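Have a look at the structure below, then the notes.
Just so it is clear, none of the values below were taken in a lab; they were calculated from the coordinates. As the structure is a computational prediction, the values presented were derived from the model and not from experiment. Every residue, glycine among them, receives a Cβ derived from its backbone with ideal geometry; neighbour counts consider all protein chains shown.
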Amino acid sequence: MSHEASSVWESAQVVGVLKEVKEHERRVSLTPKGAAALVADGRTVIVEAGAGLGSGFKDDEYSAAGARIAPTADAVFAEATLLLHVKEPQPAEFGKFRAHHTLFTYLHLAAAPDVAEALCASGCRAIAYESVEIDRTFPLLAPMSMVAGRLATQIAASYLEARNGGRGMLMGGLPGVEPTTVLVIGAGVSGRHAAEVAAGMGAEVIVADLAIERAQAVARDCGPLARAIVSTPQAIEELAPITEVMVGAVLAPGHKAPIVITKKVLDLMPEGSVVVDIAIDQGGCVEGVQLTSHADPVRLMGRVRVSATPNMPAAVPRSSTAALTAATLPYVRALASGWSAALSVHGELVGAVNVESGRVVHPAVADDLG
């Protein structure tokens, strides 16, 4: 790293809040209350004009919190040293990063080699929310995983309706009528929340995970209509003909998601069934899956409708922004004090650095990117 960049990274940071430019992304990386906390710490906070509007936060709310409103993204890049984003940088932003910048955001670089290349070219330090890990838990991934899990079940319930091309079923059935069978593959945070919402709606829930103890723990919390199985290709194929909803909620931290829902499984599911691929931000866990969007959230794959929309929490931006800021703010406040000061409080940030001084330094990401 250059001496100049190192010196800036060690100093107190000017915090910049960038407006999201990814299509359909309405979240913002910091609430006005979060900005007020940083200002109270003595930090300068610069917010790009309109950055919070998608989440319902107006510029004057940030101004009242003590932040300064910058007219353009270029103005934020020029003055801020700690840049806050929600999603990975987009091509229009690639050339704006400099070596002295620290970027703190969701990156998912294993599925975005062009972003990794651009960040390396800039020489900046890029820290990924999803790579912050404490005792095999991911505190900055968890809140958005909760939102994605809950949304997955809502989406599935909607697209089971005949008017949306589905099988014409209520998620919870009726007295004397069989409920929908929901198979949740992956018993992590998003899988747990998908399963809990499905169970709360009255569905029959099956939770599949490689670790049966984890699946059993989720199933127990979902009530008497839930059960757990070991996740194997054979088990998923056997359940496919009686499963109206599948939720792919697998996570391989830092890596592309494994394929757990194959084309054969899709062919075996009842006509009008629904699959939701929560793992799409990491490449997807459905074989042959194509991206969907918030404007067009499902795509027909054979007889089954598949939803594979990146940034699922962007559909509920105000809730998602509040949850994200609550999780990230302690780290932002630490990083704003300078790198060494941040590590003295949150040593786990070392392992969250994905790119630094022109290199991909996170081993799992580097492995996937070759």
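Ranking request for peptides 202-210, 15-23, 73-81: highest mean number of other beta-carbon atoms within 10 Å first, then the rest in descending order.
On the way: 202-210: 24.2, 15-23: 22.2, 73-81: 18.1.
So the peptides 202-210, 15-23, 73-81, ranked by packing, come out 202-210, 15-23, 73-81.
Database remark: amide H of Val355 closer than 5 angstrom to the amide H of Ala126, Val361 (H placed geometrically; neighbours at sequence offset of 5 or more, or on other chains; Pro and chain starts carry no H).
Restricting to bridges with both residues inside region 142-314, how much of the DSSP beta-bridge set is antiparallel, in percent to the nearest 5?
The answer is about 15 percent antiparallel.
Taking packing as the residue-averaged number of other Cβ atoms within 10 angstrom, the listed peptides 292-299, 99-106, 40-47 run from highest to lowest as 99-106, 40-47, 292-299.
So how strong a dipole does region 286-370 carry about its Cα centre when Lys and Arg Cβ are +1 and Asp and Glu Cβ are -1, to the nearest 20 debye? Walk me through the intermediate numbers first.
On the way: 6 positive and 6 negative charges, 76 e Å.
That gives region 286-370 a dipole magnitude of about 360 debye.
Going down the table (Lys58/Lys256; Lys87/Lys263; Lys19/Lys263; Lys58/Lys96), which pairs top 28 Å between alpha carbons? All intermediate terms of the calculation are to be shown ahead of the outcome.
Working: Lys58/Lys256 37 Å; Lys87/Lys263 30 Å; Lys19/Lys263 38 Å; Lys58/Lys96 25 Å.
Lys58/Lys256; Lys87/Lys263; Lys19/Lys263, as the Cα separations exceed 28 Å there.
Annotation: peptides 59-69, 315-325, ranked by per-residue average of other Cβ atoms within 10 Å with the highest first, follow the order 315-325, 59-69. In this simple spin-label approximation, Ala12 and Leu300 carry label points 7 Å from Cα along the Cα→Cβ vector, and these lie 6.1 nm apart. Seen against the Cα atoms of the chain and their longest principal axis, helix 212-222 is set at about 80 degrees.
Would you mind working out the magnitude of the charge dipole of region 142-314 relative to its Cα centre, with +1 at each Lys and Arg C-beta and -1 at each Asp and Glu C-beta, to the nearest 20 Debye? All intermediate terms of the calculation are to be shown ahead of the outcome.
Details: 13 positive and 16 negative charges, 38 e Å.
That gives region 142-314 a dipole magnitude of about 180 debye.
Simple rule: put +1 on each Lys or Arg Cβ and -1 on each Asp or Glu Cβ in the chain, find the dipole, and look at Ala364, Leu266, Gln234; the Cα lying farthest toward the positive end is Leu266.
To check you understand DSSP bridge types, tell me what percent of the beta bridges within the chain (both residues inside) are antiparallel, rounded to 5.
Working: 9 of 47 bridges.
Bridges in the chain are about 20 percent antiparallel.
Mind checking the dipole of the chain: about its Cα centre, +1 per Lys or Arg Cβ, -1 per Asp or Glu Cβ, Debye to the nearest 20?
I would put it at about 480 debye.
Length available on full extension from Ser158 to Arg136: 0.36 nm per residue minus the Cα-Cα distance, which gives 4.5 nm.
Three principal axis extents of the chain based on alpha-carbon atoms, in descending order, are 67, 43, 35 Å.
The local environment of Arg318, defined by Cβ-Cβ distances under 10 Å, has a net charge of +2 under the rule Lys, Arg +1 and Asp, Glu -1.
Stretching Lys33 away from Asp60 to a fully extended chain increases their span by 8.5 nm, per 0.36 nm per residue minus the current alpha-carbon distance.
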